Each structure stands twice: as structure tokens, then as C-alpha cells.
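The values are calculated or read from the model by the stated rules, or taken from the named source; none is laboratory data. Source: prediction; values computed, not measured. Cβ atoms come from the backbone with ideal geometry, glycine included; neighbour counts cover every protein chain shown.
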Protein chains: 2
Amino acid sequence: MNKARVLVVDDEKAIADMVQIILYKEGIDHVDVCYSCQEAEQKINTGIYSLYILDMMLPDGTGEALSIKVRRRSDAPLFFLTAKTSDADKLVGFMHGADDYITKPFNPLELAARVKVNLKRYLAREQVPQVYEFGHASLDVASAQLIIQGERIALTEKQFHLLHLFCKHPNQVISKEQIYEYVWGYDDFINDNTIMVHISKLREKIEPHPEKPIVITTVRGLGYRLNVVGDRT
Amino acid sequence: MNKARVLVVDDEKAIADMVQIILYKEGIDHVDVCYSCQEAEQKINTGIYSLYILDMMLPDGTGEALSIKVRRRSDAPLFFLTAKTSDADKLVGFMHGADDYITKPFNPLELAARVKVNLKRYLAREQVPQVYEFGHASLDVASAQLIIQGERIALTEKQFHLLHLFCKHPNQVISKEQIYEYVWGYDDFINDNTIMVHISKLREKIEPHPEKPIVITTVRGLGYRLNVVGDRT
DNA sequence: CTTTATCGTTAAGGTTATGTTAAGGTAACC
DNA sequence: GGTTACCTTAACATAACCTTAACGATAAAG
């Protein structure tokens, strides 16, 4: 939700700013506001937004006209803001292009709830399968499998958790205490050696030459490190 | 839109029937109506609906409880009907599971518009396959039958839901908790072993060599996985 | 209303993969 | 060269899993 970007267009500054504040309180940091169609069109053309809130009546155009431009750039959810006086017949037409509509004056909590529902649904759709790349291999988290040259290799539970931990913190030295805490949990004490054995078994699967590890290297006295070249964390 | 099926649950017969008529006028022919949770649960479990409209307060339960059961079977849009007196704080919580909420008394045109918007979006993205293919077999969802080399094999209810869950998330490790939640639900506690027995019986039907499973493989300590690509474990 | 069949669950016994331990070995650092 | 930290192999114990069979509930058939 935090990476979502919302555009609010309303010529009444008080309302536009209020919407911004409401959404900000809901943890949506990027809320852009503008007060005219002209301004709005430029921003719409960037296509970076995950949700649009458009007033129906603007001094230099209509929200409906704007919505058409939005739909050319994006299929993100689109809300209309409308005065309560507008007759209901119109709303059916408006809803054709919109995902929701809010009548003024509106309940801030309702607005927030509707925005969040739509954002969640929209953002969920673009979630990609989580795959970490490192060196010549990659880890498919969903299936708990290693992928090396297209071949899928099974991992045991401990091996998977171990590798998953490394993938979450690439190029970082991870101490045995951290490993122990993440993979085994707080309660039990286990032998140092247990970790080493598991590292060893893991290296058999991911290292081209397990006797000379380059993917997971040991850092004496500190821990282990997963080496990733093109690191995008 | 004509193939859409909508379920309306409200103990006030007048309202439920009115909703049915409104939607009928909009060209939605299949609108099922029921007046209690008990009735509703049976219909929900069929999972055939493309949209749900649930009253919050029912004589034998809450709409929220029903929504949980809906979400186990379907990700179709879900509306809440609520009395206007309900304070707005609650609505935020309710909206977590819902896609929209309507306050009574409601504007028929608004209801129709909201339903159509959500149906359109859902049906457009849906393309829920009626038949899932995996390995040498496939699952026909409509008839709850396995198809192996043209031969149709019956599945029991639990076997079907189990396999359906796997088909929805191919190549993903599914934990016993997830299986339990989807197939059995929150209410009861069941033995781990129950799941194993059902997996076993399912394997008898779909595996070429049940003693050496390749379609549904177990991932020790994590769960089970349906393998749809030609990979071995 | 009784019988039959089906299905889901439980219990028991067997199997195996997996994590751990222990022991001998190797590389790094002073 | 001695000490420390780490690596690897193989054996072992066991938790996790699989299967069979029996039981009880529920629905269908007689």
C-alpha cells in the first residue's frame, strides 16, 4: 500500500486537500493533488498512479472527459466525486467508466475504506511470483525449489529457510546467531555444527564446485554471506 | 453479464426480493435469494456465484461470518447491506473482506450501478478455467470429475476441494494449515492425519504410481505441492 | 422403518526422509 | 607450528509422513 500513488483532482482546494490528508493518515504517502483539468492531464499522462479521484465538475472541463484520458493510460481504479444534488440517472452513466463514486459531503472513513479496498485489489493483481536471483541459480519461494539452468531442485525445509534468509539479505554477513534465530527459533539451543552441516548440504546443491564455494562464502568469526552481483535487494 | 449469478441474503423478504427485481431489470437473470445463514451457507458452498450481497444482521448469524465462508470458496465481489444507523467506524473493518457496502435505504439505480461495475470487472479478469490441466490428467470443475485419458473419474467432496485448491495454486507449496482452512474451515479442529488420508486417497486416483507420487509431492515440514510442469522431486 | 452403501474420520503400525551428533580432517590466523 | 574456527562424512534417532482397516454418521434404497 505504501508504494501506491494516488491522484486527486478537485477545484475546491479545501476538499482536495482534505482527501490528501485522509489518505495520508491511512499510510498512503504519495497523494498528488491538482485543481484543474489542464494540470490533471499532464499528471494523468505519466500513468504512474494506482488510483484516481476526480471531481465531476471542474472549471475547465468535466471529470468524465478526464476519465477517458485516464483509461487510455491505465486501468487503475477511478473514483468520481459528485455533488449530492446530481440526479441518480446520471450516475449510472458515470459508473460505466468508474470503479466507485462518492457524493459530497462524504464520510472520511468511508472514503478511506473504499480507497483501500480498491487499491488492495488493484495492487494484488500485479504481484509477481517471488523469485530471488543469485549467481547462476535462483530460488522460487512459492514452490520452495531451487532453479538452476531451468532444472528444478528440491530443498528440505531447513535448507529452504536457510537460503530464504540469505536471499532476503544479499551481500550481507549473517551471523550464526541470526541464522539460528530465523531458522530454528528462540527456544532451543543447538550446536554450532548443526548450522555448518546444513550450510554444507546447501552448498552441495547451489555451488558449482562445493569444495570451493563462491555463492555462499564464509566470513571467519562473523558468519556467512550470499554473494549477488546485480543486487537489487 | 448474462451468465453472471448473484446471491442475495437478507432476512427482510421485501428487501431481498426488491434487490432481485432491480438486478433482473438490469439483465441479470440468475439472482438467487435466501433469508437465513443456514440457507446461505449451502448456496455459498457451491461456489457458482459471481457476486454476493449479504445483509450484516441475520437472525441466525452475521454477514461477516458468511463473508468468511464466501472467501474460502471464491474471490468474487462481495457487498454488505447495512442499516444506516451503524456507525462509520465499523464499516472500515467490514470493508476488509468486502468490495462494497450499501446502506439501507438505498437508491436502486446506485445499487444496480455498483453491481454492474463490480461484475464487469470480475468477469473480465476472471477467466476461471473450467478445466485445469496438470500432468497427464485434468480436473473438470463444473462436474467435479477427474479426466484421465478421456476417462471420467468421480471425486468425493473433500477430494474435489482439495484438488481444486491445488489447481488454483499450481507449483506452490501449500501448508497443512492452508489446506485445513480452505477445505474444512475455521470452526473445527481436525487431525493432521485426516489431511494425509485424503491426500492418500486422492493420489490413488490421480497418480500413475501412487506409491511414488509425482503429481502431488510432499515437501516435508512445509506441505504439499501440485507439479504441473515436467519436474521431478 | 430397516437395510445398504458411501464417505469422512480416527487409530495403529509401518516407512522414510531429515536433522542432529560425533569424529576426523582442513584451511586460516597468530 | 599451534591454536582456532570451520568443513565433511557417515551413523543414528526421530519426527513427519503413508497406508490399511475399522468405525460412525449420513443419505439412499428397499
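Summary table
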quantity: All positions within the stretch B:204-213 that are within 14 Å of DNA strand C (Cβ to nearest atom) and surrounded by 16 or more Cβ atoms within 10 Å (Cβ to Cβ); calculated: B:LYS205, B:PRO213
quantity: Meets criteria (more than 14 Å from DNA strand C (Cβ to nearest atom), within 30 Å of B:ASP99 (Cβ to Cβ) and modelled with pLDDT of 90 or more) for A:VAL128; calculated: no
quantity: Complete set of residues in the stretch A:97-119 that are in a helix (DSSP H, G or I) and either facing chain B (nearest Cβ under 9 Å) or on the phi > 0 side of the Ramachandran plot (or both); calculated: A:PRO108, A:LEU109, A:GLU110, A:ALA112, A:ALA113, A:ARG114, A:LYS116, A:VAL117, A:ASN118
quantity: B:LEU123 vs. criteria away from chain A (no Cβ under 14 Å), touching a residue at least 60 places away in the same chain (Cβ under 8 Å) and under 17 Å from the mean Cα position of the chain (by Cα); calculated: yes
quantity: Residue in the stretch A:172-188 that is without any contact (Cβ under 8 Å) to a residue 24 or more places away in the chain, over 18 Å from A:VAL219 (Cβ atoms) and crowded, with 18+ Cβ neighbours inside 10 Å present; calculated: no
quantity: Check on A:LEU165, within 13 Å of DNA strand C (Cβ to nearest atom) and without any contact (Cβ under 8 Å) to a residue 60 or more places away in the chain; calculated: no
quantity: Residue count, the stretch A:191-215 (criterion: within 20 Å of A:ARG152 (Cβ to Cβ) and touching a helix residue (DSSP H, G or I) at 6+ places or on another chain (Cβ under 8 Å)); calculated: 6
quantity: A:ALA137 buried (at least 18 other Cβ atoms within 10 Å of the Cβ), of a type in the set (A, V, I, L, M, F, W, C) and within 13 Å of chain B (Cβ to nearest Cβ); calculated: no
quantity: Per-region count, the stretch A:140-162, residues surrounded by 13 or more Cβ atoms within 10 Å (Cβ to Cβ), of a type in the set (Gly, Ala, Ser) and either farther than 18 Å from B:LYS168 by Cα or in contact (Cβ under 8 Å) with a residue 24 or more places away in the chain (or both); calculated: 1
quantity: Any hit, the stretch A:149-162, residues being more than 16 Å from DNA strand C (Cβ to nearest atom), in a helix (DSSP H, G or I) and within 14 Å of chain B (Cβ to nearest Cβ); calculated: no
quantity: Subset of the stretch B:123-160 (residues that are of a type in the set (Lys, Arg) and closer than 22 Å to B:ARG225 by Cα); calculated: B:LYS158
quantity: Members of the stretch B:18-38 found to be part of a helix (DSSP H, G or I) and surrounded by 15 or more Cβ atoms within 10 Å (Cβ to Cβ), listed by number; calculated: B:MET18, B:VAL19, B:GLN20, B:ILE22, B:LEU23, B:CYS37
quantity: Within the stretch B:168-191, considering residues that are assigned to a helix (DSSP H, G or I) and more than 9 Å from DNA strand C (Cβ to nearest atom), the one farthest from B:ILE44 (Cα to Cα); calculated: B:LYS176
